[in-house]
Amino acid sequence: MDLFSQIEAPEREEIKRLREELEDANYRYYVLSQPTMTDRDFDEKMHRLQALEALYPDMFDPKSPTQHVGSDLAENRKTKEKSGKTFETVEHKYPMLSLGNTYSREEIEDWVRKLPQGVEIVCELKYDGLSISLWYEHGRLTKAVTRGDGQKGDNVIANIKTINSIPWKIEGADIPPFFELRGEVLLPWAQFERLNKEREEQEEPLFANPRNAASGTLKLQDSKEVARRGLEAYLYYMLGEDLPGKTHYGRLMAAKQWGFNISDAIKVCHSVDEVMAYIEYWDTERKKLPVATDGIVLKVNDLQQQAELGYTAKSPRWAIAYKFPAEKQLTLLKAITYQVGRTGIVTPVANLEPVQLSGTTVQRATLHNEDFIRSLDIRPGDRVWVEKGGEIIPKITGREERPISRPYADVKQLLDSAGYTFPTVCPECGTPLVRVEGEAAWRCPNEKDCPPQMKGKIEHFVSRKAMAIDGLGEETIDLLFEQGLLHSIADLYDLKPEEIARQERLGEKSAQNIMDSLEASKQVPWERVLFALGIRMVGETTAKKIARRFRSIDTLQWATAEQLCGIEDVGQQIADNIIAYFADMDNLQIVQRLRNAGLQMEATGEEPENISDILAGKSIVISGVFAQHSRDEYKAMIEAHGGKNTGSISKKTSFVLAGENMGPEKRNKAEALSIPMISEEEFLQMIQVPI
Ligand code: IVH
C-alpha cells in the first residue's frame, strides 16, 4: 500500500481500528464472559467494517473478524492452567457457523422478498445462550461440543449430561446411525437470579446476564456444581447424512418425536406478512418465557433450496436473524445523586421513578460523567430513556423532548434545575474535586480521609485476589468503620475478637473466622501484598511483574523511575504513582505496621533473581523467526536481564531483536525510525549466553 492511499483514506485506519475493537470485544465476550460492548454496538461496528472492507478489497484479511466467528477456546487454556484439567478438543464434522443479522425489519422484509417464489420460511426464536452440538451415535449421546472457533470446540459432555431435557440414549426404528443436533444452552431466568443472589451473599462477582452465567457454568470442571445451577437447552438444527425428511421443520419434528426439547414457538410461514406478524407477536410474548431470547431466526425450510442458496464464509445464506432492540423505557428522572468510588471517581447516578425492565424493577441508573449529562442536556424533571444492555447496571441513553406544558410540579423542578452543574466538591468529604486532563471523570483527591475511599482501600485489601480475608464483606467493613475500629488497612491487624463479636449481626463465631483469616493472610506472598496495598494503577498482573523484579518492599521503596519503567507494563505514570506512594509518611507508617504484623514483605520462593540489569530501561521488540531459541524464551531472557518486551515499534523502541523473515512493515518502520536491528547471535552475545 503506498503512502498516498493511506493519506487519502482515513477509512483504512478505521478498518484497522474496527478490527482491533471487534477482536477485543470477541475475546471479552467469548473468552472472559465479561462483555464490555453491547450487542448493538458490536453489530453496528461489524456492519460498518463489512461495508468498509467492501470498499477496500485490497485490505482483505482472512483473519478479519468479518471472516471468522468469535472463539471461546482460549478460556480452556486458562482453565487448564488453573486446575490442571481441560476439556477434550474436538474437530467439528460440519463447521459451526453464525447467522447474518439485522435490527431492521425492512431488511428482513427485503431478505424474504428476494427468496424464490413460494418458498417456505421457518420462524424460530433466537435463544440467547451458547451454541452446542450434540453427537448421537447409534442412539447414544457420545459428545457435546461447544462452538469453539467454529472449526473445533470443546467436548463438555459431562456438563451437558446434567441437563435433564437432553436424552443420553434414544430408541426407535428411524433413528440414523449418526446425527448431530445443535441448539442453545441457557440458564433460565429463575436459576440466574438465584445464582446471582447466592454470589452476592458470598461477595463473589455477579454475572451480567444469563448468557454469561451459562457460559461460566458450562466451562466449570465440577459437574456437580453445574447440575446444581440448572442449565436448560433448546435444539434447533439437525445435521448428518441420510437423515429423515426433506425439510428443516420435518427434521425438528422428528427430533421432537425422539424426545428432544424443541420449542413450541416454531412456525412455518408462507409470506412476508406472516413472518412480520410472527416477529410482532414474539416481540412482546417472549418476555413471558423462562429463558432469554434476543431475536427471531428465519430459515428456508426446504433442504434442497437451502443447498442452492449455500453459505458465505461465516453464515448460511438460507437463514437470517432479526434482533430485537435492547429493551428500554421512558421514566421520570427524579434527582441526580453522586457516588464516590474506591478510587475517588465521582459518578453521577440517576434516581428514577421505578420502571419494569427485562423482568426487574429499575430505579437507579448510571449517567456516566459530566460530559455525558451535558451532551444530552439531562436535568432532573426530564423524562429519560433507561436501557439494560449486556451489563448489570442500567444506563440512561437519552431523554424525551421537553413538552411545552407539563404538570406544575414538574415545571418547577425543571426551572429549579435549569442551572445544573456538576458538583465542585466531593459529596462525601467536601474536598474540591479535580478533573484529570484527558479524562471525563471528576475525582476526589482526598485519598486518605474520604470515607468511601478509605473503606474502598480496605475492601480491596481483603478481596480474594489480594489478601483473601474472609468474613469482611462491604457491610462488615462499613460497620467497623462507623464504630471507629477501622480507618486503614493496618488497623485490620489490631482488631480484637471481642470488639468484633460485640457488633450487631456478628458474633463470636464470625469474630473467630475473621481472626483466623487475618492470621492466614500473613502467609500471602509478597506479590499479592503489593497488589493489596492499592497503589494507584498497580493491578494484579503489574504487581506480579514488579514483585518479580523487586523481590522485597525495601528494594522497591528505593526504586528509581528508570528502573521501574524497565519492567514490562510499567510506564511513567505507574512509576510516578509508586514513587509517590513511598514518599508519603502515612503510607510508610502503614507499611511498617503491616510488616510488624507479620505480612510477607519479600519474596520467599525459588524464583530466580534477575540474572542481570544489562537490559534495564530497554524496550525491545521481537520480530521474525529464530533458530536458537523460541520467541517465548527470548521474551523470558529479555525480562530476566531487566528489559521490557513490547509488541510494536515506536520511537521508544531501543532495538529490534530481528530473526529471519521479519515482516516488511516492521522492517520499514524500524528503518524509518533508525531503530537498530540486532540478530539473535548478537543478542545472545549481548547477554552473554553461549551460542
Ligand atoms: S441456527 C447455520 N437457530 O444464534 C445456522 N441459531 O448468531 C445455525 N441461535 O450460533 C444456527 N437461536 O448459537 C439458530 N433458533 C436458532 C437459534 C440460533 C439462537 C444462536 C446460535 C448461533 C447464533 C448466531
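The values are calculated or read from the model by the stated rules, or taken from the named source; none is laboratory data. Everything numeric here is computed off the predicted structure, so don't read it as measured data. Neighbour counts run over all protein chains shown; Cβ positions are idealised from the backbone, glycine included. Heavy atoms of the whole protein, side chains included, go into the accessibility calculation; ligands, DNA and RNA do not. Shrake-Rupley method; radii C 1.70, N 1.55, O 1.52, S 1.80 Å.
How would D554, D264 line up by accessible area, probe 1.4 Å, largest first?
Result of the area sort, largest leading: D264, D554.
When the chain is fully extended, how far beyond the present Cα-Cα distance does V434 get from S650, taking 0.36 nm per residue of separation?
74.6 nm
Just tell me the longest site-free run in the chain, where the sites are chymotrypsin sites (Phe, Trp or Tyr not before Pro) in a DSSP loop having at most 16 other beta-carbon atoms within 10 Å.
169-419
What percent do you get for the relative contact order of the chain when only Cα pairs under 8 Å and 6+ apart count?
8
Within the range 127-248, count lysine pairs with alpha carbon atoms under 27 angstrom apart where the residues are 8 or more positions apart or belong to different chains.
Count of close lysine pairs: 19.
Of the options T89, T38, V529, report the single residue whose Cα projects farthest towards the positive end of the charge dipole of the chain (beta-carbon charges: Lys, Arg +1; Asp, Glu -1).
T89
Which of rounded, prolate or oblate describes the range 534-585 when judged by the alpha-carbon gyration tensor and an a/c cut-off of 1.5?
Rounded.
Could you work out how far helix 408-417 tilts from the main Cα principal axis of the chain, as a 0 to 90 degree angle to the nearest 10?
40
Name the longest site-free stretch of the chain, where the excluded sites are trypsin sites (Lys or Arg not before Pro) in a DSSP loop with no more than 10 other beta-carbon atoms within 10 Å.
115-504
Which Cys residues of the chain have no other Cys beta carbon under 4.7 Å away?
C123, C269, C565, each lacking another Cys Cβ under 4.7 Å.
Pairing the Cα long axis of helix 248-257 with the longest principal axis of the chain, what angle in degrees results, from 0 to 90 and rounded to the nearest 10?
Its long axis makes an angle of about 80 degrees.
Per residue of the chain, what 222 nm ellipticity follows from adding -39500 (n - 2.57) for every DSSP H run with n ≥ 4, rounded to the nearest 500?
-10500 deg cm²/dmol
Work out the length of the dipole vector of the range 186-242 about its Cα centre, built from +1 on the beta-carbon of each Lys and Arg and -1 on the beta-carbon of each Asp and Glu, and round it to the nearest 20 debye.
Roughly 80 debye, rounded to the nearest 20.
Mind running the shape call on the range 429-469? Use the C-alpha gyration tensor, a ≥ b ≥ c as the square roots of the eigenvalues: rounded below 1.5 for a/c, prolate if a/b tops b/c, oblate otherwise.
oblate
Let me check something: with ligands and nucleic acids excluded, how do T142, T541 order by accessible area (1.4 Å probe), largest to smallest?
T541, T142
Out of residues 5 or more away from G295 or on other chains, whose amide H comes under 5 Å of its own, with H placed 1.01 Å from N in the peptide plane?
So G295 has HN proximity to K126, F324.
Keeping to pairs on different chains or 8 or more places apart, tell me how many lysine pairs in the range 455-569 have Cα atoms under 28 Å apart.
22
Could you look at the range 531-690 and say what percent of its accessible area is carbon and sulfur, using a 1.4 Å probe and all protein chains?
Percent of accessible area from carbon and sulfur atoms in the range 531-690: 50.
Quick one: grab the alpha carbon gyration tensor of the range 102-144, order the square roots of its eigenvalues as a ≥ b ≥ c, and give me rounded if a/c is under 1.5, else prolate or oblate depending on whether a/b is larger than b/c.
Cα axes put the range 102-144 in the oblate bin.
Probe of 1.4 angstrom, ligands and nucleic acids ignored: what's the accessible area per residue over the chain, in square angstrom?
On a per-residue basis, 51 Å².
Quote the charge dipole size of the range 532-639 about the Cα centre in Debye, to the nearest 20; the model charges only the Cβ of Lys and Arg (+1) and of Asp and Glu (-1).
Taking the Cα centre of the range 532-639 as origin, the dipole is about 120 debye.
Got a sec to turn the phi values of the range 86-96 into Karplus ³J(HN,Hα) couplings, 6.51 cos²θ - 1.76 cosθ + 1.60 with θ = phi - 60°, whole Hz, x for Gly and Pro?
8, 8, 6, 8, 10, 6, 5, 5, 10, x, 9
Applying the Karplus parametrisation 6.51 cos²θ - 1.76 cosθ + 1.60 with θ = phi - 60° to the phi angles of the range 10-21, what ³J(HN,Hα) value in whole Hz is obtained for each residue in order, glycine and proline being reported as x?
Working through the residues one at a time gives x, 4, 5, 5, 4, 4, 4, 5, 4, 4, 4, 4 Hz.
Name the long-range amide H neighbours of W442: under 5 Å, sequence gap of 5 or more, or other chain; modelled H, no Pro or chain starts.
V346, E370
Count the net charge of all other residues whose Cβ sits under 12 Å from the Cβ of F626, scoring Lys and Arg as +1 and Asp and Glu as -1.
-3
To test your reading of the geometry: what angle, between 0 and 90 degrees and rounded to tens, separates the Cα axis of helix 272-285 from the longest principal axis of the chain?
Helix 272-285 sits roughly 40 degrees off the main axis of the chain.
To the nearest 20 Debye, how big is the dipole of the chain about its Cα centre, given +1 on the beta carbon of each Lys and Arg and -1 on that of each Asp and Glu?
Result for the chain is approximately 720 debye, rounded to the nearest 20.
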